[in-house]
Every structure is written in C-alpha cells, then in structure tokens.
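Only the coordinates and a few stated rules stand behind these numbers; no lab work does. Since this is a predicted model, take the numbers as computed values, not measurements. All Cβ positions, even for glycine, are placed from backbone atoms using ideal geometry, and neighbour counts span all protein chains on display.
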Amino acid sequence: MAEGKHFRLDVKGLFSPLAHLKAIQVVNKMDPGDTLCIEHIDPESIADLMTILKKYPLEFTGPEKQDGWYLLQLTKKK
C-alpha cells in the first residue's frame, strides 16, 4: 500500500485565526492517508484548533511539547 503525502505547517508566531485558517486550508487539500504536522506555540490555541477540526475525518497525535513549542500531527482517515 502506498504511503500518503506528508505536509508540515509552521504557525509559530501567528495569531490564532490566521493559524487556524492555514491549517484548514492544508486539511482541505489532504487525501486519506496524508499526514500534517503543525508546529504551534500556544497550547490553548491548539485545543481550539482541534475543536474546529473535529468535523473532518482526522486522527490526532499530540500535542507534544518540543523545545518551547508544540507539535500536533493529523492523519486524514480513509
């Protein structure tokens, strides 16, 4: 089985509405099996983003604290 595409989005330093919009734009381009790694700095904004993205068929991993920022991985379900 072929592996999906991998996307990476660095939204560190962006305000929540813009960071959320950019994530939604990438999710809309994703096919089943694709993954998106989002680098974000605000854990509260990540919680808001996860709530927004619940309408999409996604599996969430994280957020995982890195060196002063957080990594959230999304995989689009089939």
Mind checking region 12-78 for chymotrypsin sites (Phe, Trp or Tyr not before Pro) that DSSP puts in a loop (not H, G, I, E or B) and that have at most 14 other Cβ atoms within 10 Å? Phe15
Mind pulling the angle between the C-alpha long axis of helix 16-29 and the longest principal axis of the chain? Nearest 10 degrees, somewhere in 0 to 90. 10
Just going by the charge dipole of the chain, with Lys and Arg at +1 and Asp and Glu at -1 on Cβ, which of Pro32, Leu72, Ile52 is farthest out on the positive end? Pro32
Mind listing the phi-derived Karplus ³J(HN,Hα) values for region 30-42, rounded to whole Hz, using 6.51, -1.76 and 1.60 with θ = phi - 60°, and x for any glycine or proline? 6, 9, x, x, 6, 10, 10, 9, 10, 9, 9, 10, 10
Estimated inter-spin distance, Gln66 and Glu44, nm [label 7 Å along Cα→Cβ]: 2.3
Quick one: divide the alpha-carbon radius of gyration of region 10-51 by 2.2 N^0.38 Å and tell me what you get. 1.13
If we count every other residue with Cβ under 12 angstrom of Glu59's Cβ, Lys/Arg +1 and Asp/Glu -1, where does the sum land? +3
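Assign unit charges at the C-beta atoms only (+1 for Lys and Arg, -1 for Asp and Glu), then state the dipole size of the chain relative to its Cα centre in Debye, rounded to the nearest 20.
Values: 11 positive and 11 negative charges, 72 e Å.
Roughly 340 debye, rounded to the nearest 20.
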Would you kindly compute the Cα radius of gyration of the chain and its largest Cα-Cα separation (Dmax), both in Å? 11.8, 38
Does anyone have the angle between helix 43-52 and the longest principal axis of the chain? Alpha-carbon axes, 0 to 90°, nearest 10? 40
